[in-house]
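Data first, discussion second: the structure below is written as structure tokens.
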Amino acid sequence: MATTPKFDESFKNLNPEQREAVECLDGPLLVIAGPGTGKTQLLSLRAANILAKCDVAPRNILCLTYTEAGAEAMRKRLIELIGRDAYGIEVSTFHGFASSIRSRYPEYFMRPSTDTLVTSLHQQEIFDRLLKSLPFGSSLGGGSPDMPAPNIGKMIGFVSKIKRSGLDYDTLGAIAQQNIDAAVWLTEHSELLTLACERASAALAERFEEEVERACGMAPTSLTRPIDCPAGTYVPYILELRDAVRRTELIDEKGKSSGYTKVRDAFFGGSNSQGRTFKIAEQSERLKTACNVTRSYQSELDQHHLYDYDDMIGDFVNAVEHNDALRQVLQDTYTYIQVDEFQDTSRMQWDNFRLLLLGGLSQGADSLIVGDVKQSIYRWRNGDWGILNSLGNKELNLNSFPVRVETLKTNRRSETNIIRFNNQVFTAAIDYLNALHLNELKEDCLPLKRAYADVVQESPKNTEYGYVKAAFLEPDDEHNYTEQTLLALGEEVQRLLEEGVTLNDITILVRKNKNIPPIADYFDKELHLSVVSDEAFRLDASLAICMLMDALRCLSNPENRIAEAALMENYKLQMTNDEQPKFTTATPLPEAFTSRRETLRLMPLYELLEELFSIFGMSRIEKQDAYLFSFFDAVTEYLQSNSSELDSFIRYWDETLCSKTIPSGEM
């Protein structure tokens, strides 16, 4: 394929490190891309360069991203660079790719294609029944017979986290049982519980250390044998206790036993007066019970031909691993693979494409992985930055294909002074944290140093703009900490205004919403500035969010004519004049929505909302950013302990989230 003028122009604007990555088309390439380094442009240009220089068709290129927003951005950029051929390139999220393969090759999946997605209500009913059937006194039981079991939400989150991590319940159960057995053995064969009840002192710390060494050295092999699991090797509890004591200075240079107290509080529960227990015993009993409950949950799903969202990924992994024919078809099709935001990839998602990646490499093709462990923000969703940080190690099965690493150091987005400040702060922080590690464990913290080895960025700008001021506030005799904060904020805003900065260009960020009212009140009454006010707006006052929720209602229940009518009307109202001719009575909603209802319904909630935002062109709606930021933050928090099932989220919106308020300002 010949290059386009747009490609040639964009290629000329690349800096040397970007150009090196775009032109590297042999073997696996890892690109460390920090903030503002142009990774979307790089990914798109490299895909276009593959088509221009390699004997491949667009369908042979697979681009995987972590979010639908990232996929949409890459699609748009590819269309700009190569035109119609961009539509042939597979650009998808991990879940979206797994779902599409299941639809195309159902014969390779153990679960029948007639199986259906379990609804949130049914999922809750199953866990409610299972939890209430637990014996009296169970750590996960309890609650009133007339009310839902108290741990339903936690169990749904537990199931999702375990499935995404690639762990299995048998392994977790074995770990839990080993921990329980270790606590029992230490109780019967050591004096640790007795010593932990005594008053802390230097003499006691020495006796405690000796008893830990004696007991752990005598422990049977069954309690010290490591248990292998997909996420790595689990260190047995007895060895963990021994190692914690060995690496901790139980007595400091002043003869104080603060180190001993730290270890005691970490491993022992209870109190000196009422007796001590091994914390791990109760924790492991709870884990063991949770594993038994989730086994029963999965058995019931299978019995009734149901599956949940995370089963989609698991089914795909099993299909690829156990079907040579399917694996060969996919490896032959997707010879060039590019993965974005790899630092947020879970162990299960890694298993998703690892075999495909190796297949392409074995055929002489290449692959590109882009990520930055310093930007890992989805650990609560089992994003495992450790995979990226150790890419190329034998555990990842890429050792036979040397991984080339390129680092993008030039930050085009930020101003020079901002970049310089970040460089100094992070460099100093890493040195400080490594010094602590070195002092305590007598060795460098290699994972930390490896992750931040490339933290220093460069600026392409000749002018030095950007301003950073850090102030550490402490209360004094006249003002407490809150008052000191308000005074400092006021003084800084006044200084900015005097230098010509407008109110619209000043933003005050706070950690929690509860911090907003005192700031708003101070600025209003003391400074007479309308930066923010104590008035608030509900999320359901946002046109964009209401459209998102109506779209979810339509996907959840295609017969919901009220939601469909509201969505149609709002979509019609928000369209710009130059797009009005495209709006007809026969097709009142975007075809990308009406023709993909089933596919959209199966997407994870967060990615689905991002996709709907793009499909309906909601970026055209003015003054929605404050609402949308607050809404998506709430969705992120919701998903920490809940599944992506639509009915459940819609109910949460109706009952709770719709009334959430955001501070007003100059909206």
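The values are calculated or read from the model by the stated rules, or taken from the named source; none is laboratory data. Bear in mind the structure is a predicted one, so any value in this text is a computation, not a measurement. These accessible areas exclude ligands, DNA and RNA; they are computed on the full protein's heavy atoms, side chains included. Shrake-Rupley method; radii C 1.70, N 1.55, O 1.52, S 1.80 Å.
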Helical contribution to [θ] at 222 nm, DSSP H n ≥ 4, -39,500 (n - 2.57), averaged over the chain, rounded to 500: -16500 deg cm²/dmol
Per residue value of the accessible surface for segment 1-125 (all protein chains in place, 1.4 Å probe), Å²: 43
Carbon/sulfur fraction of accessible area - segment 423-556, other protein chains in place, 1.4 Å, %: 52
Percent accessible area from carbon and sulfur atoms, segment 60-138, protein chains only, probe 1.4 Å: 54
Gap separating the Cα centres of segment 94-123 and segment 203-281, nearest whole Å: 45
Rounded, prolate or oblate (a/c below 1.5 giving rounded, otherwise prolate when a/b exceeds b/c) for the chain by Cα gyration tensor: rounded
Close Lys-Lys pairs in segment 138-294, where close means Cα under 22 Å and separation is 8 or more or interchain: 8
Pairs of lysine residues in segment 400-557 - Cα separation under 22 Å, sequence separation of 8 or more or cross-chain: 6
Relative contact order (%) - segment 412-563, alpha-carbon pairs under 8 angstrom, separation at least six: 16
